[in-house]
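One structure is given below, encoded as structure tokens.
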Amino acid sequence: MLLAIDVGNSNISVGLFDDDHELKFLSSLDTDGRKTSDQISIDLMNIFSLYHYNIHDVSGAIFSSVVPAMNFMMSKALTRLLGKTPMEVGPGIRTGLNIRMENHNQLGADLVANAVAALVKYPAPIVLIDMGTATTISYISAQKTYEGGLMFPGVYLSLDALSERAAQLPDVSLQHPKNLIGKNTEDCMRNGIVFGMAGMLDGIIDRIRDMLPGENVTVVATGTPAPVIVRHCRNEVLYDKYLLMEGLWEIYQRNK
């Protein structure tokens, strides 16, 4: 079995693949850079217990991270649990992805994994939307080259900023809007974020399509807020919940 982990700014995603490439579970933990390797080990053992799997059946592990402060502790925890050093997505790892960024090291490991999986699963050119703490839009050309992208504040970050910086605005959860026009403060905030983000995505997708006249562009979205947002986009956007995990699995197979 393969243990795949992504350390994000807000959450740590933990997935387990069997030998037939079937994802047996996908779990989530809060990201806490203060945790020791022992605490991370306990968290992982508890997840395996929750889903009724034996961590000793894991034959390999891979992780990606955009939180450098946690990398050492995560690697130490996995080494202790599995008896072998995990694979870390970063310099020296074969991904098969041709990157045309000015500085390859500035491209997040999660975006690399997403792009690798997208190229396996979908026809290029691809517009890849990753909705996490930040919303990142990546453009992968018809030649299957990662060309670059755009980045702006994520859905939850935008909601938190409204409630934290405006004294009379409350905390609100992300839900599907009932109507376009809100009738109370909470609905006005929620509708503004959902429809505003959907409109922003549509605008960027349309501009990328204008760059590529005559080409059929595949648009794929992943990330926790994506199902709520993309259903209100006017462009066709495919939602792929497991894209990042699939990318980690693919990278592991290319390097094991």
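The values are calculated or read from the model by the stated rules, or taken from the named source; none is laboratory data. Here the structure is a predicted model, which is why all the values come from computation and not from measurement. Positions of Cβ are generated from backbone atoms using ideal geometry, with glycine treated the same way; all protein chains shown enter the neighbour counts. Remember, those area values only see protein heavy atoms, side chains included, never the ligands or the DNA or RNA. Shrake-Rupley method; radii C 1.70, N 1.55, O 1.52, S 1.80 Å.
A few points about this structure:
- Going through (1) of a type in the set (V, I, T); (2) over 30 Å from Y139 (Cβ atoms); (3) out of contact with any helix residue (DSSP H, G or I) (no Cβ under 6 Å at 6 or more places or on another chain) one by one, I12 falls short only on (2).
- Hey, V66 at pLDDT below 95, within 21 Å of the chain's Cα centre (by Cα), under 18 Å from G15 (Cβ atoms) and of a type outside the set (S, T, N, Q) or not: yes
- Residue in the stretch 244-254 that is surrounded by fewer than 16 Cβ atoms within 10 Å (Cβ to Cβ), within 29 Å of G90 (Cα to Cα) and modelled with pLDDT of 90 or more present: yes
- Residues in the stretch 120-132 that are in contact with a Phe, Trp or Tyr (Cβ under 7 Å, 6 or more places away or on another chain) and open to solvent by 10 Å² or more (accessible area, probe 1.4 Å): there are none.
- Among the residues of the stretch 183-227, those identified as open to solvent by 20 Å² or more (accessible area, probe 1.4 Å), more than 18 Å from G149 (Cα to Cα) and under 20 Å from the mean Cα position of the chain (by Cα) are I193, T224, P227.
- The stretch 94-115 - residue that is out of contact with any Gly (no Cβ under 8 Å at 6 or more places or on another chain) and assigned to a loop (DSSP other than H, G, I, E, B) and, of those, most open to solvent (accessible area, probe 1.4 Å): E102
- Residues satisfying the stated conditions in the stretch 140-172, i.e. open to solvent by less than 40 Å² (accessible area, probe 1.4 Å), within 18 Å of L97 (Cα to Cα) and either at pLDDT below 90 or in a strand (DSSP E or B) (or both): I140, T145, Y146, G148
- Counting only strands (runs of 3 or more DSSP E) that sit wholly inside the stretch 4-93, those with at least 3 residues that are exposed (fewer than 15 other Cβ atoms within 10 Å of the Cβ) are 23-30.
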